[in-house]
Amino acid sequence: MGSILTMRGIGKWYPGVQALKSVDFDLEPGEVHALVGENGAGKSTLIKILSGATTNDEGEILLDGERIDPLTPVKSQAAGICVVYQEINLVPEMSIMQNIFLGAEIKNGLFCDDATMRSRVEELLNRLGISIDPGKRVSELSTAQQQMVEIAKGLLLEAKILVLDEPTAALTSEEIQRLFEVIKALKKQGVSIIYISHRLEEIYMIADRITVLRDGSYICTSTPAQLTNNQLIKYIVGRELSQQYPDIQTNIGDEMLRVEHLTNSKISDVTFAVRAGEILGFAGLVGSGRTEILRAIFGADALDSGRIFVKGREVNIVDPQSAIKEGIALVPEERKSQGLVLSLSCKTNITLASLRKICRLGFIRRRLEKEVVDDKVKAIKIKCSNTDFKASTLSGGNQQKLVIAKWLCCNSDILLVDEPTRGIDVGAKNEIYELMKKSCNEGRAVVMVSSDLPELLGVADRIIVMHEGRVSGELKKDEFDSEVIFKLATNS
């Protein structure tokens, strides 16, 4: 059986940068082909070319054996190519039906034929094995349900090729399993899928073949059975990682943060403490209250009751500014919208929370600013050729380091870190783990929320499990057990 898609010798240049260097990629009917690589490896550029959002400068593209490049968005859509991006592209205040048929409404004279469109949407959703009212607003849906709506839009256009870009980044384990079932069903229906993910365990679960890109170049294509996890990591990062989680021992010191009976509309009676040199992990299902705990401690969400102590002294935190003054920092889950100002330079983002330290009489002391920024860029190993470039130009891993650098400039002693490696490649993950451990060695305390259970088991010194806004259990390092954590998280 011939390939449904063949991309040969694809090259793409941007000013001063060659994003793709003679890349080959092919896709067979009914296949899940994983496309993996570090941030900046060229995956997004290749998909943009496939979707028609940008054009290749060299090489050729064949669909069902027929040369079709250069692709345009219209040609791509007509050829049955549908891309579901990590950032959901739906109109929140419109219904599922309105979103699916947006720009392709079925008319009955001058008016939309709502009955026909509703029936068609029900058919599409049934094909995906989900039961949702087509009239429900998208804003009322979970992230997983919104992704299914995006996929349904592709099926409406009779998609032959479905591109899923980091589809599980914000999903629970149950939602991921449901997505995998949908993918398997689509495979049987003849739909070919390009699957992009940094979660290597998922690649081995769902992919028929794997293609690796690195620094814009094609590295290899193989089946999961032919590649060990360590081999795949080596191909992705171009070097061997001695181990996935750094084995850095830290000395546990005095208590840095203690909270007692924290309560608001999302959390109830939460009590815990964390010491200097310690990484305290929070596990639980999405919506269990993990993120809300960090936001309450940082003053982003109001508390109805409860007490917060920093280094044994009770403090009154009413907003983020008062938290910062007490040495508390928050690295939020949504780094692009909440942790950084992407339109500003890397330099400005690093010093944004500590301007008073580099200002005199209301003016920034540029020499001091440069010294501070250069010191943090070097210490944290931020890959940034020029700190005057916008933060939006950096990879996900380097953007995450930028957020951490901002708080280290404030001399924060307590780091609240929410989903520290979401959407980050395997090499950058290792660097973030090392950075967290180094912070502990320097006497800081880290409170970490993660939906990636292996990450918590590999990095944390203790784990607190949340269920429906309450603490359901706590495990020390020698008690870590994934089955026990799952039972505590589900109250089963």
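The values are calculated or read from the model by the stated rules, or taken from the named source; none is laboratory data. Keep in mind it's a predicted model, so treat the numbers as computed, not measured. Backbone-built Cβ (ideal geometry, glycine too); neighbour counts: all protein chains shown.
Residues in segment 321-342 that are surrounded by 14 or more Cβ atoms within 10 Å (Cβ to Cβ) and under 20 Å from Val274 (Cα atoms): Ser322, Ala323, Ile324, Glu326, Gly327, Ile328, Ala329, Leu330, Val331, Pro332.
Within segment 275-302, residues that are free of Cβ contacts under 8 Å to residues at least 24 places away in the same chain and within 20 Å of Gly443 (Cβ to Cβ) reach no partner that is of a type in the set (Lys, Arg) and surrounded by fewer than 24 Cβ atoms within 10 Å (Cβ to Cβ) with beta carbons closer than 7 Å at six or more positions or on different chains.
Could you please let me know if Ala159 is among the small types (Gly, Ala, Ser), at pLDDT 85 or above and in contact with a Cys (Cβ under 7 Å, 6 or more places away or on another chain)?
yes
Taken together, the criteria place Asn56 among residues that are polar (S, T, N, Q) and in contact with a strand residue (DSSP E or B) (Cβ under 7 Å, 6 or more places away or on another chain).
Considering only residues in segment 33-45 that are touching an Asp or Glu at 6+ places or on another chain (Cβ under 9 Å) and in a helix (DSSP H, G or I), the one that is surrounded by the fewest Cβ atoms within 10 Å (Cβ to Cβ) turns out to be Ser44. Any residue in segment 379-394 that is charged (D, E, K, R) and buried (at least 16 other Cβ atoms within 10 Å of the Cβ)? No, segment 379-394 has no match at all.
Kindly indicate whether any position in segment 46-59 is part of a loop (DSSP other than H, G, I, E, B) and under 30 Å from Ala225 (Cβ atoms).
no
Taking segment 357-366 as the range and being surrounded by 13 or more Cβ atoms within 10 Å (Cβ to Cβ) and part of a loop (DSSP other than H, G, I, E, B) as the test, only Arg365 passes. Selection of segment 114-137 for residues being in a helix (DSSP H, G or I) and either hydrophobic (A, V, I, L, M, F, W, C) or touching a residue at least 24 places away in the same chain (Cβ under 8 Å) (or both) yields Ala115, Met117, Arg120, Val121, Leu124, Leu125, Arg127.
The set of residues in segment 15-44 being under 22 Å from the mean Cα position of the chain (by Cα) and closer than 22 Å to Glu66 by Cα consists of Val32, His33. The set of residues in segment 343-356 that are buried (at least 17 other Cβ atoms within 10 Å of the Cβ) and not small (Gly, Ala, Ser) comprises Cys346, Lys347, Thr348, Asn349, Ile350, Thr351.
The rows are residues; the columns are (1) part of a helix (DSSP H, G or I); (2) buried (at least 18 other Cβ atoms within 10 Å of the Cβ); (3) on the phi < 0 side of the Ramachandran plot; (4) not charged (D, E, K, R).
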| residue | (1), (2), (3), (4) |
| --- | --- |
| Leu408 | yes, yes, yes, yes |
| Thr421 | no, yes, yes, yes |
| Cys440 | yes, yes, yes, yes |
| Ser451 | no, yes, yes, yes |
| Met466 | no, yes, yes, yes |
| Leu475 | no, yes, yes, yes |
| Asp478 | yes, no, yes, no |
| Phe486 | yes, no, yes, yes |
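Taken together, Val74, Val23, Val83, Val91 contain a single residue that is outside any loop (DSSP other than H, G, I, E, B) and exposed (fewer than 14 other Cβ atoms within 10 Å of the Cβ), which is Val74. Only residues that are of a type in the set (Phe, Trp, Tyr) and crowded, with 18+ Cβ neighbours inside 10 Å were counted across segment 180-218, and they come to 2.
Of all the numbered requirements in (1) crowded, with 20+ Cβ neighbours inside 10 Å; (2) of a type outside the set (Gly, Ala, Ser); (3) assigned to a helix (DSSP H, G or I), Leu457 misses one, and that requirement is (1).
Residues in segment 54-71 that are modelled with pLDDT of 90 or more, within 24 Å of Tyr14 (Cβ to Cβ) and surrounded by fewer than 16 Cβ atoms within 10 Å (Cβ to Cβ): Thr55, Asp57, Glu58, Glu60.
Checking Gln177, Gln146 one by one, the residue that is crowded, with 19+ Cβ neighbours inside 10 Å, in the same structural domain as Gly37 (by TED's automatic domain parsing) and part of a helix (DSSP H, G or I) is Gln146 and no other.
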